[in-house]
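Student: If you scroll down you'll find the structure; I have some questions about it.
The values are calculated or read from the model by the stated rules, or taken from the named source; none is laboratory data. Because the structure is predicted, anything quoted here is derived from the model rather than measured. Backbone-built Cβ (ideal geometry, glycine too); neighbour counts: all protein chains shown. For accessibility, only protein heavy atoms count, side chains too; no ligands or nucleic acids. Shrake-Rupley method; radii C 1.70, N 1.55, O 1.52, S 1.80 Å.
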Amino acid sequence: MKHSPWRRAARAAVLAALLASCRCPEPSADLSDPSPEAQAEVEQALHDLLEAAEQKDFIRLESMHLYGPKFSRWDGKDPGRLDAEETRRAERAGIEPLDAFHAGVEDLKVDVFDRTAIATFVMPYEAVARGQTSRARVRATLVWVKTGAGWKVAHEHLSPFPAKP
C-alpha cells in the first residue's frame with residue numbers, strides 16, 4: 001500500500017522533531033572535577049604497584065590487579081592481547097630472574113571518572129640480570145577501577161618509544 005506524499009512528509013517532520021528534541025546528556029560533575037583526593041589515591045597505588053614489582057612481592061603485586069575475565073594487557077613484546085593469567089605469568093617470568101629491578105614514573109597524568117581512572121606516564125626502568133644492567137623507557141597506560149578494596153588495575157598498555165630516524 002502506497003502512502004501519500006503528505007503522509008511521508010508528516011512522518012519525516014515528526015521524526016525530525018523527535019531527533020531534534022533528543023539532547024546529549026549533560027556531562028557529569030566527574031568530567032570537570034579533577035577529584036584531587038582520588039587522583040592522589042591512584043598515584044599512591046601506582047607507586048605501591050611499582051614498589052611491589054621491585055621487591056618481587058608477587059602476592060601484593062597480583063592483589064593490585066583486577067584479575068578476572070575483564071582484565072587485559074597490551075605490551076610491546078607480545079603480538080596479542082594478554083588476559084589475566086598470561087599477564088600474571090609474564091610478570092613473574094620477567095621480574096623473578098632479575099637480580100635487581102627499579103622503575104620510575106615521569107610525566108604522570110591521572111584522570112578520574114567516578115570509579116575509573118586512567119594513568120598515563122613514562123616509565124624509565126633499570127633491570128640487572130647476571131651482572132648486566134639494561135635501561136629503557138616505555139610509555140605506559142594503566143586503567144584503574146575503584147573497588148571496595150581500593151584502586152585495582154583492570155588494563156595495562158606498555159609500549160616502547162618509537163625508534164628515532
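Student: Search region 98-114 for residues being modelled with pLDDT of 95 or more and in a loop (DSSP other than H, G, I, E, B), and hand back the single one that is surrounded by the most Cβ atoms within 10 Å (Cβ to Cβ).
Tutor: Only one residue fits best here, namely Leu98.
Student: Sort out which residues of region 64-87 are without any contact (Cβ under 8 Å) to a residue 60 or more places away in the chain and within 16 Å of the chain's Cα centre (by Cα), and write them in order of number. I'd like the intermediate steps shown before the answer.
Tutor: First pass over region 64-87, keeping only residues without any contact (Cβ under 8 Å) to a residue 60 or more places away in the chain: 67-69, 77-86.
Within region 64-87, Tyr67, Gly68, Pro69, Arg81, Leu82, Asp83, Ala84 meet the criteria.
Student: From the residues in region 54-84 that are open to solvent by 80 Å² or more (accessible area, probe 1.4 Å) and of a type outside the set (A, V, I, L, M), which one is farthest from His157 (Cα to Cα)?
Tutor: Filtering region 54-84 down to residues open to solvent by 80 Å² or more (accessible area, probe 1.4 Å) leaves 55, 59, 69-70, 74, 77, 79, 81.
When the remaining residues are screened for being of a type outside the set (A, V, I, L, M), the result is 55, 69-70, 74, 77, 79, 81.
Numbers: Gln55: 22, Pro69: 17, Lys70: 14, Trp74: 5, Lys77: 11, Pro79: 12, Arg81: 10 Å.
Step by step, filter region 54-84, then rank; the result is Gln55.
Student: For region 129-149, check the following and say yes or no: at least one residue is open to solvent by 40 Å² or more (accessible area, probe 1.4 Å), of a type outside the set (A, V, I, L, M, F, W, C) and in contact (Cβ under 8 Å) with a residue 60 or more places away in the chain.
Tutor: Within region 129-149, one or more residues are open to solvent by 40 Å² or more (accessible area, probe 1.4 Å), of a type outside the set (A, V, I, L, M, F, W, C) and in contact (Cβ under 8 Å) with a residue 60 or more places away in the chain.
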